[in-house]
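One structure is given here, and the rest of the page talks about it.
The values are calculated or read from the model by the stated rules, or taken from the named source; none is laboratory data. Only a predicted model underlies this, so the values are computations on that prediction, with no experimental measurement involved. Quick reminder, even Gly has a Cβ in these numbers, built from the backbone with ideal geometry, and neighbours come from all protein chains shown. Accessible surface areas use protein heavy atoms only, side chains included; no ligands, DNA or RNA. Shrake-Rupley method; radii C 1.70, N 1.55, O 1.52, S 1.80 Å.
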Amino acid sequence: MKTLTFITAFLFLLFTSAIAQNYDQIEAYGLYKKGWAKVEKKGKYGFIDSDGELVVDVLYYKIDLFGSYKADWARVQKDGKYGFIDSDGTEIVATVYDQIDLFGIYKKNWALVQKDGKYGFID
């Protein structure tokens with residue numbers, strides 16, 4: 001039984017080490033979404049799943065917590081512009097806005113956005 005435990009621990013460390021070599025930093029799993037860990041490489045962020053597979057490309061300079069702005073969405077920043085990804089990691093609001101306010105301040109399910117000095121709303 002001790003041999004099996006040692007082998008399991010060794011394989012886990014080997015697996016973790018192989019993943020860690022691909023990234024500058026790996027946060028704890030589950031902080032943003034169950035089964036996902038935020039990873040950083042050269043100042044950009046993305047997510048891997050519990051198998052070490054990339055589920056959100058490492059191309060965002062900032063990723064907020066899911067649900068901070070809207071349930072199951074995380075605000076992301078790329079090239080100084082903001083947008084949103086959903087809980088599947090799909091970019092559902094393109095990163096084209098200079099600023100995005102919280103949803104529901106002006107009208108339920110709407111968020112004020114700013115782009116090129118002009119304002120509007122997204123839903």
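Calculate the spin-label point distance for Glu40 paired with Tyr106, positioning each point 7 Å from the Cα along the beta-carbon direction, and give it in nanometres.
Between Tyr106 and Glu40, the label points sit 3.4 nm apart.
For region 20-60, build the convex hull from the C-alpha positions and give me its volume per residue in Å³.
So the per-residue Cα hull volume is 60 Å³.
Given points 7 Å out from each Cα along the Cα-Cβ axis, report the Asp98 to Glu27 separation in nanometres with one decimal.
That separation, rounded to one decimal, is 2.8 nm.
Distance in nm between label sites at Asp57 and Ala71, each 7 Å beyond Cα in the beta-carbon direction?
With each label placed 7 Å out from Cα toward Cβ, I get 3.0 nm.
Quantify, in whole percent, the carbon and sulfur part of the accessible surface of region 59-123 (1.4 Å probe; protein heavy atoms only).
Within region 59-123, the accessible surface is 47 percent carbon and sulfur.
Too long at a 20 Å Cα-Cα cut-off: which of Lys34/Lys70; Lys78/Lys108; Lys44/Lys118; Lys42/Lys70; Lys81/Lys118; Lys78/Lys107?
Violating the 20 Å limit, Cα to Cα: Lys78/Lys108; Lys44/Lys118; Lys42/Lys70; Lys78/Lys107.
Could you give the length gained by full extension between Asp79 and Lys115, i.e. 0.36 nm per residue of separation minus their alpha carbon distance, to one decimal place?
Stretched out fully, the Asp79 to Lys115 stretch lengthens by 11.6 nm.
Once all Cα-Cα distances of region 63-122 are split into 10 Å bins that start at 0, what whole-number percent is in each one?
25, 58, 17, 0
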